[in-house]
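Notes for the one structure printed next.
Values quoted throughout were computed directly from the atomic coordinates according to the rules given, and no laboratory measurement underlies them. Note that the structure is predicted; figures quoted are calculated from it, not measured. So basically every Cβ, Gly included, is an ideal-geometry build from the backbone, and we count neighbours across all protein chains shown.
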C-alpha cells in the first residue's frame, strides 16, 4: 500500500483497475480497464472486457460495503447464457487499484460477492456486496420436530457417494428442463430420490443442480420432476446424477439411512394441539400423562 501511495504522490501515475471474478464452479475470470492485458496472482486480466465499476461505498463499521459493476455481454467474457443459468450467482469478486507499469504495486479496494444482476440491451449491471453481507444471515438452531440438517452435510454425516444413495444415468427424455423420463430404471424404490438433488454432469448445463419434487416408478419406467426447471438446456445423452432424498422425519433417518444417531431434530417437542390444550370436566385432570 505504501508503494502505491508513493506512486500516487508523484502526480504522474500509471493506474488501472482490475477485477477478478471466481464462480462457484471454480472458474476464475479477470478483467481490467487498461488497454492491454495485465497479470498477477496467476490471473490474466483481459483488456477491452467492457467491465467497469462505480464508486465503492465503504465504512469503518459493520455496515455492508457496496458498489455496482457494469459490463457488456460477450462470448469471451460474461455471457447472457451463463447469467441466465445462474453461474455467476454469489460469485466471489475482488477489485484492485494497480500500477500497470509495475503490477506488484497494487492495493485491493474491494472484496465481496455478486448480488442482483440486471440485463438489458446486450449489457448487464450487477450489485456487488461486501464481506459484511454474511452478517445479515440468520444463524442458530431451530427447535423443531423435523431434522434441521441438510442431507450429506457435516451435521448429517451421510455419505451420498455410497452405493444405493445415488445413480448416474444419461438423459433419455426431457421436457422444459424440468421433467425427466427413464426406461428400465430399477434398483431404487418408488419416491427414493424425492426431495433429493439432480446434478447435471455433462453438456451445456454441466454443474446445474435441481431439487427433485416427484420421483415416480411405474413398472420399469421412472419419471423425475424438479421443483423448478434448470436454467440451461439439457440434451438427450447428457449425464445426470440423482441423489437420494430425505423428508427430515425420524423414521426416514432411522430406516432409510441408518443415521438416527445424527438426527438434528427434536421429535418430542410438544405440538400446537398440546400447547393450546386446557382442562375439561369430562376428562381426568390429575396431572398424569396425556399420551
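Some values worked out for this structure:
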{"item": "Taking the chain and dividing mean pair separation by its residue count, relative contact order in percent (alpha carbons under 8 Å, at least six apart)", "result": "14"}
{"item": "Option label - log10 I(q)/I(0) by the Debye sum over Cα atoms at q = 0.10, 0.14, 0.16 Å⁻¹ computed here, alternatives (i) -0.77, -1.10, -1.23; (ii) -0.57, -1.02, -1.23; (iii) -0.53, -1.06, -1.38", "result": "(i)"}
{"item": "Gyration tensor (alpha-carbon) shape descriptor, the stretch 150-229, a/c threshold 1.5", "result": "oblate"}
{"item": "Per-residue Cβ neighbour rank within 10 angstrom, fewest leading, 15, 212", "result": "15, 212"}
{"item": "Rounded if a/c under 1.5, otherwise prolate or oblate - the stretch 139-276, Cα gyration tensor axes", "result": "prolate"}
{"item": "Bridge type composition, the chain - antiparallel percent by DSSP, nearest 5", "result": "95"}
{"item": "Residues 223, 142, sorted so that the one with the fewest Cβ neighbours within 10 Å comes first", "result": "142, 223"}
{"item": "Cα-based shape type of the stretch 93-179, given that a ≥ b ≥ c are square roots of the gyration tensor eigenvalues and the cut on a/c is 1.5", "result": "prolate"}
